[in-house]
Every structure is written in C-alpha cells, then in structure tokens.
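First up is the structure itself, then whatever we jot down about it.
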Protein chains: 2
Amino acid sequence: MKLFKTEILSLFIIVFSYPTFVLGQNKNPINAEQMMIRLSEIAIDSLYLDDYISILKIESEASVRLEPGVISIYPMFQKENPTEIRILEIYANKEAYLSHLQTEHFQHYKTTTLHMVKSLKLIDMEAIDEESMSNIFNKLKK
Amino acid sequence: MKLFKTEILSLFIIVFSYPTFVLGQNKNPINAEQMMIRLSEIAIDSLYLDDYISILKIESEASVRLEPGVISIYPMFQKENPTEIRILEIYANKEAYLSHLQTEHFQHYKTTTLHMVKSLKLIDMEAIDEESMSNIFNKLKK
C-alpha cells in the first residue's frame, strides 16, 4: 500500500509538470534588441503579378518553416493597387538575415522574379514597443 | 489490485489529455477571410515625436490587451527617418475595427495626437498567404 501511494504521487507530479514542459518548448531566446525589422516596398510588373505572388508565397512559407532565425516574412498587397507589394520581415539578428540570403529558396525567389520587379525599396524599421512585441501576434497562433 | 490498475490507467489518461486541454485553449476562431489588414503611414512633426510615441505605445498595448478583435497593432518607425511611423494593424473583422474606433484608449490617442500628425495614409492591405499567416508570428510567442 505504501508503494501504491508513492506511485500515485509520482503520477500527480507528472500530471502537473508535463504541461509546463510542453508549453515551455514554445519559449525562445530571441533578443528584441538584436532583431532586424524591415518593411520592403516592391512594385511588380502587372504582366507577371500572379507568377510573382506564387513564387513569393512559396519562398516566405519555406523561410519561416526552415530557418529558425526568420521570425516573420509577412507578405501583403495594397487592395487598391495590387501590384504594390509590402513585406514585413523580422529576423532574429543580422546573422539570421545574412544566412537567409544564402538559402536555396531565397536564391530561387531572387533569380526567378528579378525581371518581374519594377522597383524595390528595403526600409529598415525599429519596433516602437519591444517589450510587448512578443505578445502582439499571440492571437494569431494556432 | 484491480482497483490499483484502474486508478493508474485513469491517471495516465489525465497525463496525456491535460496538455492537449491546456494547448487547446490557445486556439481561436478567427476567420482569415474576414480579417481587416491595414498599413498606416503617418508622418509626425519632429517637435512632438517623443510625446507621440509615448501615447501611441500606450494605445497600441491597450488595444491588443483589452480588445479581443484587435489581433495586432504593430507600430514601427523608419530607422533613417524616425518621424515616419508605420503601423501594421490587423483586426478580426470590420466590426472589430469599428468598435476599436469607439474605445476610450483610441479616442484619447486620436484627440491628443491630432496636432502632432503632419500626414496620414490608411492603406488597406490583403495578406498574400492567408493559410499560413496564423503560423507566421509563432516564433515571437512567449
């Protein structure tokens, strides 16, 4: 009977520590001060818009999935002017960005879309609220 | 001994279902197709930049914390030109946006910063990858 109580106790410890372990895996060591944030402004030749969007979609999805240092590549277009693309890009740090430029998926995107791009501005940004930025997109998580 | 086995089995069921329950609470019913995405471009009079940023920071934090339909208000400024503010705003739907405009924190922001704003463009955007957008900012979650 003593053994029974010990085993029940061990299981209770597992019950209450396991969720903490599972949730703990979502934590990450990203340092807000080292983050690199960019808002890219890209105008696309309307002839190639569908092709461009297909290629960008594959590239941004692959970057976020395969590269731990790519926090977000969030591509959008202006409703009133769909050839005006805006991409919010967030990298963990400068090294993550430089490494992203060397990946196969980025190189494929860059070379196959070069002739579709009419203009390109890469604008470096700073987040206004670094403390709460990690919570800002929480409502989108699944 | 039979009772012992049944109790152990029940505890195992709890062990493996509890994390699913805890993680399940993060799910949300946001419908990507109804979302309203906006990229606001705001130029601020440099005389008032510090004041404007303090007020915006309080307003965006309160909006995300208090309004379930405000998915993100993500304010940034251009590094090269800090009076150029950009805000990525994501609302669950049009109703959430209209309700946001009526809140005390938004009204306070709007009235106290009116004289600080040199120009304001509210540009409606569409996300290029609605399917994966809910995963895009996952690496930022705490």
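The values are calculated or read from the model by the stated rules, or taken from the named source; none is laboratory data. For clarity, every value in this text was computed on a predicted model and none was experimentally measured. In this analysis, Cβ positions are derived from the backbone assuming ideal geometry, glycine residues included, and neighbour counts consider all displayed protein chains.
Condition first: buried (at least 21 other Cβ atoms within 10 Å of the Cβ) and within 7 Å of chain A (Cβ to nearest Cβ). Now tell me which residues in region B:75-85 satisfy that. Selection gives B:Pro75, B:Met76, B:Phe77.
Here is a check on your reading of the model: is B:Tyr52 crowded, with 20+ Cβ neighbours inside 10 Å, more than 30 Å from B:Asp129 (Cα to Cα) and either within 22 Å of the chain's Cα centre (by Cα) or at pLDDT below 90 (or both)?
Working: crowded, with 20+ Cβ neighbours inside 10 Å: yes; more than 30 Å from B:Asp129 (Cα to Cα): yes; either within 22 Å of the chain's Cα centre (by Cα) or at pLDDT below 90 (or both): yes.
Taking the combined requirement at face value, the residue satisfies it.
Select from region A:61-74 the residues that are part of a strand (DSSP E or B) and either in contact with a Pro (Cβ under 8 Å, 6 or more places away or on another chain) or among the hydroxyl-bearing types (Ser, Thr, Tyr) (or both) and write down the one among them that is surrounded by the most Cβ atoms within 10 Å (Cβ to Cβ). Top of the filtered list is A:Tyr74. Looking only at region A:100-122, which residues are in contact (Cβ under 8 Å) with a residue 40 or more places away in the chain, outside any strand (DSSP E or B) and either under 19 Å from A:Ser72 (Cα atoms) or within 20 Å of the chain's Cα centre (by Cα) (or both)? Within region A:100-122, A:Thr103, A:His105, A:Phe106, A:His108, A:Tyr109 meet the criteria.
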